[in-house]
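Everything on this sheet refers to the single structure shown next.
The values are calculated or read from the model by the stated rules, or taken from the named source; none is laboratory data. Note that the structure is a prediction, hence the values are computed from the model and not measured. Because the Cβ atoms are built from the backbone with ideal geometry, glycine has one as well, and the counts that use them run over all protein chains shown. Ligands, DNA and RNA are stripped out before the accessible areas are found, and what is left, the full protein with its side chains, is counted by its heavy atoms. Shrake-Rupley method; radii C 1.70, N 1.55, O 1.52, S 1.80 Å.
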Amino acid sequence: MTLRRLLLGVALVTGFAASAAADWIPFDRLPNADKVQKARQQWGNPRGATPEEVRWTASTAYMLRDGAWSAIDRSTGKRETIRDKDVPESAVRGGRSAASDGPGVARGRQRTSEPSPDGERVAIHEGGHVFITRGAQRDRITPDAPAGVKFGIASWVYGEELDQKSAMWWHPQSSALAYYSFDESKVPEFLLSTELTKQRPGLDRERYPKPGDPNPIAGLSIYSIVTGRTTQVKVGDADQYVYGVQWTPDGKDLLFHRLNRLQNRLELCLADPATGEVRVVLVEEQRCYQNHLPKLRFLAKEPRSFLWESERTGYAHFERRSLDGGEPVVLTKGEFAMREIHWIDEDAGTLWCIGYSGKVAINPHLWRVALDGSGGNEVTTSDMHWSSFSVAPDGGHVIAVEQSIDSAPRTVLVAKDGSRVAVVAERKGDAIAEKGWPRPELLQLKAADGTTTLYGTLHKPKDWKEGTRLPAVVQVYGGPFFRTVENTYDPVEPLCEFGVLVVKVDNRGTPGRGKAFEDATYLNLGIADLDDQAAAIRQLVDRGLVDRERVGITGFSYGGTMSALALLRYPEDFAVAVAGGAVTDWNNYDSIYTERYLRTPAENPKGYEQSSCVRLAGNLKGSLLIVHGMVDDNVHPANAWQLADALQSKGKPFDMMLFPNSGHGIWSPSYESVTWSHLLRGLGLAN
């Protein structure tokens, strides 16, 4: 039996009003696929001038690029090629204060073993308990507990939504071990069929709280290696989140974040390891939701002092704080958001940090500010995207890379006051013009509110002609916490060779633009964000670029939700969609993420109803392909089943493709074929 006959048979038996996407075309057989492949080969590695390594001496910068070293005079920018052996041993890499939370783990999980700093012991989580080993000795340090309680590990939702990768924490002097306890006894269990292609499938059980469900209750304990006694930390109210745990550098306290369930009030707390008493160091509070994990970095020479990221002004900025209290010292300010700490130069009393301070509000720039709060300056002044920073150890100069969507990366030597010394490496010529391609655009569009600026990118096929309208494919994510539009060198999108424009837009609700921009979707996921995507397409139609009748949209995860909703809320603007790994009703997703932006269903029933693909299924007019991994433990396959059932009940035709061994992320080579078969057919570009 052919796959098409088999799937259509399944459709008949189950009542699917769907073609099951059974007749998809292999990618390399799609119309103009040869042009796409040729463009991929031609532009597979668009050359720029990005250094592989930079080292410094007092007078010279040494740059490794394309396997060859150059010596650059710091005062003049003059560069000469040298041999590897001519790089002096005294040359050192630039300053960098890298943050690390230890070895990586699987998504939503925590490490199950932690070696002590002195190397003498290892803490191990096993079977819901914590053991400490020393050589051949192995001791369990956690008590017997009722069903549903576990130690030394966190709940899945903590790993997924609070970035909690650890659950056991050694004291800096290896004299104590702090560890989590979790009571999941009241958290509903979710059952997920797994190993679906085997003769006997498996079953995965996970405590997975959905919006409004009882949450796991987190506790903290501290076991003393010296006395063998355990102290319970008085973390407080059970309906809260306790995470971001670490010892202070001096080992005097255990630090943790405490966030209320509404997620608009965050407390940074210290626990006394001897008594378990807790003291609040600072409080961050927002009208909507609070950033759950602001950047925190301790000073090495003043271990009770730390740098902290605050959004009290409406924009993320850095300030200096003390664990012992007192007023904060404001280090950065302005109507733009800081992104990250690059280097804390305590000897010079300087913080080097990166923020979105350009006229083009998505361009990151390097800043140099005084740790005493007396001010600073923007070091990278041209309004380009700046990255790959190497700061001389004496703070006098910086080597960095500037670029834009249609300007290849250039490596620049800049003085600390922002003056440009020299371009020390660049690609000669203009590859886009030389190869005869239309230039990509960094779009500046208006949001649906008519005033807010949105940024996006637009790519065109090689044979595009001014004044012609083409079908467009919108590639979307659009959700909180992630953005997709960067002003980095991206000369060509090979997929345009199918005969389409490819568009990306970061709508309101995406990060890096300040709280007002982010909060536009609060209590209204799938509303203002999708309104912006529709407004963006309409503006491109008005410019004479896009064929209004032939617009497609595709995305995964939140982007899948946006894609499905686009057909259901804006059928006049979007004709075809591929919705991958979509949350089709927010009642189906986890409590922490969903309540952060929507509150609970009881508090905000309208917010849940108005963005439910399931509830809006009767609105479908365009061509929808639902794609889902059948072992997705994050966005459960029930999301796809519910939408399919709702569409069937309304008699709405749709396509569906399921991947039996895929989770939240589909790596099958067929995924691209299925996606583009559906899009091109819906746009009238394939049969």
So what is the accessible area of segment 326-385 per residue, in Å², with the probe set to 1.4 Å?
40
P(r) of segment 597-687 over all Cα-Cα pairs, 5 Å bins starting at 0, rounded to whole percent, reads 3, 12, 18, 18, 21, 17, 7, 3, 1, 0
Can you pull the semi-axes for the chain, root of five times each eigenvalue of the Cα gyration tensor, sorted largest first, whole Å?
42, 38, 24
Could you tell me the center-to-center distance, by alpha carbons, between segment 541-564 and segment 80-113 in angstrom?
40
Scan around G251 for amide H atoms under 5 Å from its own, H built in the peptide plane at 1.01 Å from N, and keep only partners 5 or more places away or cross-chain.
none
Of the GluC sites (Glu not before Pro) in segment 466-501, those whose Cβ has at most 11 other Cβ within 10 Å and which sit in DSSP loop
E466
The convex hull of the Cα atoms of segment 37-114, divided by residue count, gives a volume in Å³ per residue of 209
Could you give the length gained on full extension between E302 and E277, defined as 0.36 nm per residue of separation minus the Cα-Cα distance, in nm?
6.6 nm
Rounded to whole Å, sorted largest first: equivalent-ellipsoid semi-axes of segment 400-513, Cα gyration tensor
27, 23, 11
Rounded to the nearest 500, what is the chain's calculated 222 nm mean residue ellipticity when only DSSP H runs of at least 4 contribute -39500 (n - 2.57) each, over all residues?
-4500 deg cm²/dmol
What full-extension length gain, to one decimal in nm, is calculated for R548 and R200 as 0.36 nm per residue of separation minus the Cα-Cα distance?
120.4 nm
Two-decimal log10 I(q)/I(0) for segment 122-168, as the Debye equation yields it once each C-alpha is a single scatterer, q = 0.20, 0.25, 0.30, 0.32 Å⁻¹:
-0.70, -0.92, -1.07, -1.13
If you filter segment 208-275 for trypsin sites (Lys or Arg not before Pro), then keep DSSP loop positions with at most 10 other Cβ within 10 Å, what is left?
R229
In the chain, carbon and sulfur make up what percent of the accessible area (probe 1.4 Å)?
48
Non-local residues with an amide H under 5 Å from the amide H of R207, with H modelled 1.01 Å from N and Pro and chain starts lacking one, are F190
With a point put 7 Å past each Cα toward its Cβ, work out how far A58 is from E572 in nm, to one decimal.
7.2
When the Debye formula is applied to the Cα atoms of segment 434-496, each taken as the same point scatterer, what base-10 log of I(q)/I(0) results at q = 0.14, 0.19, 0.22, 0.26 Å⁻¹?
-0.51, -0.89, -1.11, -1.32
In whole Hz, with x marking every Gly and Pro, tabulate ³J(HN,Hα) for segment 120-130 from phi via Karplus 6.51 cos²θ - 1.76 cosθ + 1.60, θ = phi - 60°.
7, 9, 9, 8, 10, 9, 7, x, x, 10, 10
Going by accessible area, probe 1.4 Å, with all protein chains left in place, what is the ranking of M630, M63, largest first?
M630, M63
What pairs from K416/K460; K333/K504; K515/K650; K428/K460; K462/K504; K78/K333 go past 28 Å between their alpha carbons?
K416/K460; K333/K504; K515/K650; K78/K333
With N residues in segment 36-187, what two-decimal value do you get for its Cα radius of gyration over 2.2 N^0.38 Å?
1.69
log₁₀ I(q)/I(0) of segment 498-611 at q = 0.14, 0.18, 0.21 Å⁻¹, via Debye over equal Cα point scatterers, no solvent, to two decimals?
-0.59, -0.93, -1.20
Run the quick spin-label model on D645 and D394: label points 7 Å from Cα toward the beta carbon, then report their separation in nm to one decimal.
7.1
Segment 399-467 - Kirkwood radius from inverse mean 1/r over Cα pairs (Å)
14.9
Spin-label model distance (nm) - R439 vs T313, 7 Å beyond Cα toward Cβ
3.4
Whole-Hz couplings from phi, Karplus 6.51/-1.76/1.60, listed for segment 341-353; x for Gly and Pro:
8, 8, 7, 9, 9, 5, 4, 8, x, 10, 10, 9, 9
³J(HN,Hα) computed for each position of segment 251-264 - Karplus, 6.51 cos²θ - 1.76 cosθ + 1.60, integer Hz, glycine/proline x:
x, 6, 9, 9, 9, 7, 9, 10, 10, 5, 4, 5, 6, 10
